[in-house]
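Notes follow the structure.
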Amino acid sequence: MKNRLELRAITRSFEDGGTARVILDKLDFKAAEGELVAVIGPSGSGKSTFLSVAGALLEPSSGEVLLDGEPINRMGKQELADVRLRKLGFIFQSANLIPYLKVEEQLRLVANLAGVSKTKAAERARELLDQMGLSHRRTAYPEKLSGGERQRVAIARALMNDPSVLFADEPTASLDAARGLDIVQMLARQVKERNKSAVMVTHDERVLAWCDRVYVLENGKLIEQ
Amino acid sequence: MYLALREMRFAKARYSLIATIMVLIAFLVLFITGLAQGLAYDNASSVQNMAATHFVLEQGSNHRFTRSQVDHAKLEAAERIVGKNNAELLGLRMTTVVPFGGTKKVDVTILAVEPDGWLSPAVITGSSLSADAAGQVMVDQKLSEEGVSIGTILVDQPSGTKFTVSGFVRNESFSHAPVVFVNQRDWLAIQSQADQPVYNAIAIKGATAQGSELQAALPGMEVIKKSAAVSAIPGYKEEQGTLTMMIVFLFIISAFVLAVFFYVITIQKTSQFGILKAIGARTAYLARSVTLQVLVLSVGSLVLSGILVRLFEIALPESMPFRLGSSTFVWTSAVFIAMSVSGSLFSVWKVARIDALDAIGRAAA
Ligand SMILES: Nc1ncnc2c1ncn2[C@@H]1O[C@H](COP(=O)(O)OP(=O)(O)O)[C@@H](O)[C@H]1O
Ligand SMILES: [Mg+2]
């Protein structure tokens, strides 16, 4: 099995009142095709920092990030934006969607940014929305959607450009238990079917059963449970 | 652009409000510009319409025709340099006339010109000036509003000289007063003492190259450009200065209104821009999106206010001086758009500073 995402000896520290605080300490991580990996840990342990480094949003102090075997360390800002656009998908906690775009347009936007043709984008958006059970909400604005529906749109948008790796930052935080489970199941199914990798940071213990592996972030390292 | 127009469609109320403000400002800009141009023309059209490029005035006259005196000798000196056909004497006197038999006084400006020369304007009705017909004058059309018609006798108050209106000319006023054109013989008649006529200026045609030569040949005289002569017309600078200041302020206000509006909504949308950057939108794309919205607003409001101004112009009374030529319209619009776009730069800078990292680890923002 191929590793979609690999982190090698990642260290990240923040300057804090003159002293450097090490948040990630020579951390190693791999996620293979078809795997949904969960990262848990107490607040302030560095989960968001980990996700930002893996998601090409934050530069590590040292170490290497590889996407489909390609290192991204040397890339400039614009190249990194392109990597995020084409190879990564993000599902955030909430306030994920652009308020003035209809459901279908949320998906079409990322295709438009990537320069995908209109007909291809329309077809793919229809297919993804069908799979997420959102066909009937195609022309709704986010304000008219329930919390669960919004996160499903976010998953569909993350998949729109056929990325390698999905990142989810507490995707169930604003949902009730049943809907939270729904979202994680849906994410797990897409990862398996489409051979993606997914990394999910969560507080929600109930959804861990649906993840292939669970890590705890402690003292700057990931420990498998 | 994908985002810009969809956002305007979604937040119609918000963008309509700002568009309304922009239409009103753009309307004021265009209207005052038109008024300034109209007043300028109403004030100075006779000088503006002269074929002259330069004028020779007495030194110390502060560029004012009325304060300057020149004679034939000076004309001959100028003719030697620019050629006989490119220099003409111009007499100017601001006075009051009374149509014969009436009691109503009218302020006019008397211009003395060579009847066959290039300073003499084309007549639109009646007959033009001639060198030997005594007491025959051409007058500006505006005088017809005072009941003057062809054949009316005008009495010059200070000298008591009588003139008969023989023809009408168009767009000839000086310091807001309609112009009465007289030939040189009549010019002499209204000068009480002198037996040699004294003029006020020499009009020069196309002397850009010989400017300094001309200056050297005419000691005690000053060669000025037509535009300098225009702005020295009494009241001209003051009028234009006030209106120009208003226009400049309106430009600045429009830039500020847009700057504040876009800055506030940009700050409101910080987390949104963070998410857009996180999912791979480039800063340049987002900056273009903001700029496009500003362009749509400013161009749209210009089009609307342009239509409004035209409608207004039709409704305005004839006597209202208003002129908005297409080149002025284009020029004013270009400045308006440039100012608007400059007002959005602040927001663009703000967008550029938003970090994609903001999207991670954030609850509902
Ligand atoms: N940009 C930053 N500058 C300084 N310290 C930071 C920065 N980002 C995160 N930290 C610190 O790093 C630690 C880990 O933060 P974070 O990754 O957000 O943890 P978690 O997501 O697990 O709650 C926190 O103590 C936080 O204060
Ligand atoms: Mg966090």
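Here the condition is being away from chain A (no Cβ under 14 Å), in a strand (DSSP E or B) and on the phi < 0 side of the Ramachandran plot; of B:VAL47, B:VAL29, B:VAL98, it holds for B:VAL98 alone.
Here is a list: A:LEU5, A:LEU88. Which entry is more than 10 Å from every other protein chain (Cβ to nearest Cβ), of a type outside the set (Val, Ile, Thr) and away from ligand 2 (no atom under 16 Å from the Cβ)?
Values: A:LEU88 fails: more than 10 Å from every other protein chain (Cβ to nearest Cβ).
The conditions single out A:LEU5.
Is it the case that some residue within the stretch A:124-142 is of a type in the set (D, E, K, R), within 12 Å of chain B (Cβ to nearest Cβ), in a helix (DSSP H, G or I) and surrounded by fewer than 21 Cβ atoms within 10 Å (Cβ to Cβ)?
Going residue by residue through the stretch A:124-142, those that are of a type in the set (D, E, K, R) are A:124, A:126-127, A:130, A:137-138.
Applying the additional criterion that residues be within 12 Å of chain B (Cβ to nearest Cβ) yields none.
Checked the stretch A:124-142: no residue is of a type in the set (D, E, K, R), within 12 Å of chain B (Cβ to nearest Cβ), in a helix (DSSP H, G or I) and surrounded by fewer than 21 Cβ atoms within 10 Å (Cβ to Cβ).
Scanning the stretch B:308-365 for residues that are small (Gly, Ala, Ser) and within 14 Å of another protein chain (Cβ to nearest Cβ), we see that the one that is nearest to A:SER43 (Cα to Cα) is B:GLY361.
Tell me which residues, restricted to the stretch A:8-25, are within 16 Å of ligand 2 (Cβ to nearest atom) and buried (at least 18 other Cβ atoms within 10 Å of the Cβ). Before the answer, list the steps.
Within the stretch A:8-25, the first condition is being within 16 Å of ligand 2 (Cβ to nearest atom), and the residues that meet it are A:12, A:14, A:21, A:23-24.
Passing the criteria: A:ARG12, A:ILE23, A:LEU24.
Looking at the stretch A:101-123, which of its residues are outside any loop (DSSP other than H, G, I, E, B) and either in contact with a Cys (Cβ under 6 Å, 6 or more places away or on another chain) or among the aliphatic types (A, V, I, L, M) (or both)?
Taking the stretch A:101-123 first, the residues outside any loop (DSSP other than H, G, I, E, B) are A:103-113, A:118-123.
If the condition is that a residue be outside any loop (DSSP other than H, G, I, E, B) and either in contact with a Cys (Cβ under 6 Å, 6 or more places away or on another chain) or among the aliphatic types (A, V, I, L, M) (or both), then A:VAL103, A:LEU107, A:LEU109, A:VAL110, A:ALA111, A:LEU113, A:ALA121, A:ALA122 are the ones that fit.
Restricting the stretch B:101-123 to residues that are among the β-branched types (Val, Ile, Thr) and in a loop (DSSP other than H, G, I, E, B) leaves a set whose member that is nearest to B:VAL182 (Cα to Cα) is B:VAL113. Somewhere in the stretch B:248-267, is a residue aliphatic (A, V, I, L, M) and within 14 Å of chain A (Cβ to nearest Cβ)? Checked against the condition, which is being aliphatic (A, V, I, L, M) and within 14 Å of chain A (Cβ to nearest Cβ), the stretch B:248-267 yields at least one hit. For B:GLU213, the criteria (1) open to solvent by 30 Å² or more (accessible area, probe 1.4 Å); (2) under 16 Å from the mean Cα position of the chain (by Cα); (3) over 30 Å from B:VAL341 (Cα atoms); (4) not hydrophobic (A, V, I, L, M, F, W, C) hold in every case but one, which is (2). Number of residues in the stretch B:13-45 that are out of contact with any Lys or Arg (no Cβ under 7 Å at 6 or more places or on another chain) and either under 17 Å from B:VAL299 (Cα atoms) or among the aromatic types (Phe, Trp, Tyr) (or both) equals 17. Among residues belonging to the stretch A:26-51 that are open to solvent by 30 Å² or more (accessible area, probe 1.4 Å) and within 12 Å of ligand 1 (Cβ to nearest atom), point out the one that is nearest to the other protein chains (Cβ to nearest Cβ). Ranking the qualifying residues of the stretch A:26-51, first place goes to A:SER48. Restricted to the stretch B:124-175, the set of strands (runs of 3 or more DSSP E) holding at least 1 residues that are among the basic types (Lys, Arg) comprises B:162-169.
Set side by side, the residues A:ALA156, A:ALA173 differ, and just one is among the hydrophobic types (A, V, I, L, M, F, W, C), surrounded by fewer than 20 Cβ atoms within 10 Å (Cβ to Cβ) and within 14 Å of another protein chain (Cβ to nearest Cβ), which is A:ALA173.
Within the group A:VAL207, A:VAL184, A:VAL214, which residue is surrounded by 15 or more Cβ atoms within 10 Å (Cβ to Cβ) and either on the phi > 0 side of the Ramachandran plot or part of a strand (DSSP E or B) (or both)? Let's see the steps before the verdict.
On the way: A:VAL207 fails: either on the phi > 0 side of the Ramachandran plot or part of a strand (DSSP E or B) (or both); A:VAL184 fails: either on the phi > 0 side of the Ramachandran plot or part of a strand (DSSP E or B) (or both).
None of the other options fit; the residue is A:VAL214.
Scanning the stretch B:295-349 for residues that are open to solvent by 60 Å² or more (accessible area, probe 1.4 Å) and not in a helix (DSSP H, G or I) yields a total of 5. So is A:ALA54 within 16 Å of ligand 1 (Cβ to nearest atom), closer than 27 Å to A:LYS26 by Cα and open to solvent by less than 10 Å² (accessible area, probe 1.4 Å) or not? When the stated conditions are applied, A:ALA54 passes them.
Out of A:SER43, A:SER48, one residue alone is within 14 Å of ligand 2 (Cβ to nearest atom), under 26 Å from A:GLY148 (Cβ atoms) and free of Cβ contacts under 8 Å to residues at least 12 places away in the same chain. It is A:SER43. Tell me the residue from B:VAL264, B:VAL248, B:VAL260, B:VAL179 that is assigned by TED's automatic domain parsing to the domain that holds B:ILE124 and either of a type in the set (Val, Ile, Thr) or not in a helix (DSSP H, G or I) (or both), please. Just one listed residue meets the conditions, B:VAL179.
Given the criterion without any contact (Cβ under 8 Å) to a residue 24 or more places away in the chain, small (Gly, Ala, Ser) and within 14 Å of chain A (Cβ to nearest Cβ), identify the matching residue among B:ALA278, B:ALA284.
Residue meeting the stated conditions: B:ALA284.
Every condition in (1) within 16 Å of ligand 1 (Cβ to nearest atom); (2) open to solvent by 20 Å² or more (accessible area, probe 1.4 Å); (3) within 19 Å of the chain's Cα centre (by Cα) is met by A:LEU80 except one, and the failing one is (1).
Residues checked against (1) more than 16 Å from ligand 1 (Cβ to nearest atom); (2) free of Cβ contacts under 8 Å to residues at least 60 places away in the same chain:
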residue	(1), (2)
A:SER146	yes, yes
A:ARG157	yes, no
A:VAL165	yes, no
A:ALA168	no, no
A:THR172	no, yes
A:ALA177	yes, yes
A:GLN185	yes, yes
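For A:ALA38, the conditions (1) within 18 Å of A:PHE167 (Cβ to Cβ); (2) at pLDDT below 95; (3) out of contact with any Asp or Glu (no Cβ under 7 Å at 6 or more places or on another chain); (4) within 16 Å of ligand 2 (Cβ to nearest atom) all hold with the exception of (2). Return yes when A:PHE29 is within 15 Å of A:VAL201 (Cα to Cα), in contact (Cβ under 8 Å) with a residue 12 or more places away in the chain and within 16 Å of ligand 2 (Cβ to nearest atom) and no when it is not. So A:PHE29 fails the test. Residues of the stretch A:96-109 being open to solvent by less than 10 Å² (accessible area, probe 1.4 Å), farther than 15 Å from B:GLU7 by Cβ and at pLDDT 95 or above, which ones? Listed by number, the residues that qualify are A:VAL103, A:LEU107. In the stretch B:1-26, the residue that is farthest from the other protein chains (Cβ to nearest Cβ) out of those that are open to solvent by less than 40 Å² (accessible area, probe 1.4 Å) and not aliphatic (A, V, I, L, M) is B:TYR15.
The values are calculated or read from the model by the stated rules, or taken from the named source; none is laboratory data. In this text the structure is predicted, and so the values were computed from the model without any measurement. Backbone-built Cβ (ideal geometry, glycine too); neighbour counts: all protein chains shown. Accessible surface areas use protein heavy atoms only, side chains included; no ligands, DNA or RNA. Shrake-Rupley method; radii C 1.70, N 1.55, O 1.52, S 1.80 Å.
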